[in-house]
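Here the structure comes first, spelled out in structure tokens, and everything after it is commentary.
The values are calculated or read from the model by the stated rules, or taken from the named source; none is laboratory data. Just so it is clear, the structure is predicted and the values come from calculations on it, not from any experiment. Cβ: placed from backbone, ideal geometry, glycine included. Neighbour counts: every protein chain shown. Note: areas computed on protein heavy atoms with side chains; ligands, DNA, RNA excluded. Shrake-Rupley method; radii C 1.70, N 1.55, O 1.52, S 1.80 Å.
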Amino acid sequence: MLSKQEIRELIWKRLEEENIALFPRPVYGRIPNFKGADKAASNLAKCKEFKEAEIIKVNPDSPQYKVREIALRQEKKVLVPTPRLRGDFFLLDPTRISSSDIPKASRISGFEKYGIMVSLESIERVDFIVAGSVAVDLNGNRVGKGEGYSELEFGILRELGKVDENTPIATTVHDIQIVNEVPSEPFDVPIDIIATPTRLIRVNRKREKPKGIYLEYLSKQKIDETPFLKKYLKKRRYNSL
């Protein structure tokens, strides 16, 4: 089995060499944008779980721009994490955004202007999650860009009771981003649905989702740089006294 980093390098290389990658380029080190990302988003929007969701958490990356736009046009609230979880979440509320401004609100540059900052504790229960991916397999294992923020965000939301084992998690990728096998660790968040430009796939998920924050896998630097984690750890220490 290839390592996660070997899989990332392989996928980034293919996307660039086969000219599937879109701006921002090069895609190395990123959740890669790809040709057909809008079609993948449209396919995702056809699934029952997306249609029924009222509050959707979507990663802030470029390939999921259209997912955010579709969700807002369908009058769903969209939660987007602040960069590296240095703050809380942006809440994009379609009742506060004009139809003509939805495309701008759906882009990274529009989150601060059109979104409302909400604390992690105060957000409502999340109905559906969309994660960005570098690669996925058909068992629901996923590789991100390597910084672990999708896993951390899910762990925090689970600790707060905002998501659970049954909260559906999806990703949109190009078909070549589906690989034979992705290695996994206990804190990795498996996905349930893969949407590509050509199809919608319900995976054969074999792992449970993380039950919360796994501090033993976090570096001191990651904890120190994440305000919620510092507060969470302080509370745990206090409760153990």
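Quick notes on this one:
- Meets criteria (modelled with pLDDT of 95 or more, in contact with a Gly (Cβ under 9 Å, 6 or more places away or on another chain) and closer than 21 Å to VAL173 by Cα) for PRO63: yes
- Put simply, of PRO60, PRO32, PRO81 the only residue that is buried (at least 19 other Cβ atoms within 10 Å of the Cβ) and under 27 Å from LEU120 (Cβ atoms) is PRO81.
- Of all residues in the range 215-241 being part of a loop (DSSP other than H, G, I, E, B) and open to solvent by 60 Å² or more (accessible area, probe 1.4 Å), the one that is modelled with the highest pLDDT: SER219
- Some residue of the range 132-147 being in contact with a strand residue (DSSP E or B) (Cβ under 7 Å, 6 or more places away or on another chain), of a type in the set (Ser, Thr, Tyr) and open to solvent by less than 30 Å² (accessible area, probe 1.4 Å): yes
- Close pairs from the range 45-61: first under 23 Å from LEU85 (Cβ atoms) and of a type outside the set (Lys, Arg), partner open to solvent by 10 Å² or more (accessible area, probe 1.4 Å) and assigned to a helix (DSSP H, G or I), Cβ under 6 Å, at least 6 apart: PRO60/ILE108
- Boolean, LEU157 is outside any helix (DSSP H, G or I) and of a type in the set (A, V, I, L, M): no
- Residue within the range 97-112 that is over 20 Å from LEU72 (Cα atoms) and under 16 Å from the mean Cα position of the chain (by Cα) present: no
- Residue match in the range 158-168 (condition: on the phi > 0 side of the Ramachandran plot and surrounded by fewer than 19 Cβ atoms within 10 Å (Cβ to Cβ)): yes
- Selection within the range 86-122: residues that are open to solvent by less than 10 Å² (accessible area, probe 1.4 Å) and outside any helix (DSSP H, G or I). The member of this set that is farthest from ILE156 (Cα to Cα) is SER106.
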